[in-house]
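Down below is the structure, laid out as structure tokens.
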Amino acid sequence: MSGICGNGSEGAESIVVSGGYEDDEDYGDEIIYTGAGGNDPNSKRQIADQTVDQPGNAGLVTSQTNGIPVRVVRGSGGDPVHSPAVGLRYDGLYRVSDHWSEDGKRGFRVWRYRLQRLDSDEETPYLPPENLPPGRQAPGQSRGVTTRILRLTEVSRAVKAIHKSTCQVCGLRLGVPGGSVIEGGHIRALGSPHKGPDTPDNVLCLCPNHHALFDQGGITLSDDLRIRDFEGKDLGALRTSPKHVISIDHVRYHRGLWLN
Ligand SMILES: [Zn+2]
């Protein structure tokens, strides 16, 4: 049977691809994977619509929006070209690059996920950033996918939970079916040469726009946590929570990268 281990708050840890859903398409390095639910447990045929609120389906959405890689296990019931002859086989880490819903082959709604195998050098960020060999740090800072994975930490998940996935700059929560689009942004960047820590006082809960602006100096913070654009104009106060203390040292470090 098909199976997703995970849920909407943590993301999906692993999936099993074993032919449980006839809509699955396995191309080896790319899999179009069908979500969970809707199958009759006896006939294993789909008898109802799938929902994105099903825990495994919501988990894969969170894996995409948070850049959490998914372990892929293939079983012998899957595509004969890419599956083991018998039993189960661990086939490495994949990222969820896209998802959508459509009418499946049985006429019921299914949720679909595009999973793409990580390059071997993209798996390296599983090491704590400070432990990366020197040659591996530059790609981790410049490649989109790898950077997103680097930012995936328990810490940023906790910070997002405190702020209920609402951007601390604009106050928007960008809801999508099964979750929300929100990012944990480090104030003082991880990795060389900044060597910021992965601690809550160094993480902001930001929408993708304000994350990009913050990372590139379009906005900075004052010592009293007011938001300034790069010409110094005051844009208002950062949204804060008493449960989330922010390090002024890291705020100053970030500001120093962009302003005198
Ligand atoms: Zn925002």
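Results, tabulated for the structure shown:
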item: Positions within segment 207-260 being in contact with a helix residue (DSSP H, G or I) (Cβ under 7 Å, 6 or more places away or on another chain) and closer than 27 Å to VAL176 by Cα, in sequence order; result: ILE219, SER241, LYS243, HIS244
item: Total residues in segment 58-90, condition in contact (Cβ under 8 Å) with a residue 40 or more places away in the chain, of a type outside the set (Ser, Thr, Tyr) and not in a loop (DSSP other than H, G, I, E, B); result: 13
item: Output for segment 201-217, where each listed residue is more than 10 Å from the ligand (Cβ to nearest atom), surrounded by fewer than 23 Cβ atoms within 10 Å (Cβ to Cβ) and at pLDDT 95 or above; result: ASP201
item: Any chance GLN46 is within 21 Å of PHE108 (Cα to Cα), of a type outside the set (A, V, I, L, M, F, W, C) and crowded, with 22+ Cβ neighbours inside 10 Å; result: yes
item: Among the candidates VAL245, VAL251, residue that is more than 16 Å from the ligand (Cβ to nearest atom) and open to solvent by less than 10 Å² (accessible area, probe 1.4 Å); result: VAL251
item: LEU172 vs. criteria open to solvent by 30 Å² or more (accessible area, probe 1.4 Å), closer than 30 Å to TRP111 by Cα and assigned to a loop (DSSP other than H, G, I, E, B); result: yes
item: Residues located in segment 215-225, provided they are within 24 Å of ASN66 (Cβ to Cβ) and either under 19 Å from the mean Cα position of the chain (by Cα) or β-branched (Val, Ile, Thr) (or both); result: ASP215, ILE219
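The values are calculated or read from the model by the stated rules, or taken from the named source; none is laboratory data. These numbers were taken from a predicted model, which means no experiment stands behind them. Heads up, the Cβs are rebuilt from the backbone with ideal geometry, glycines too, and the neighbour counts pull from every protein chain shown. We work out accessible area using only protein heavy atoms, side chains counted, and drop any ligands, DNA or RNA first. Shrake-Rupley method; radii C 1.70, N 1.55, O 1.52, S 1.80 Å.
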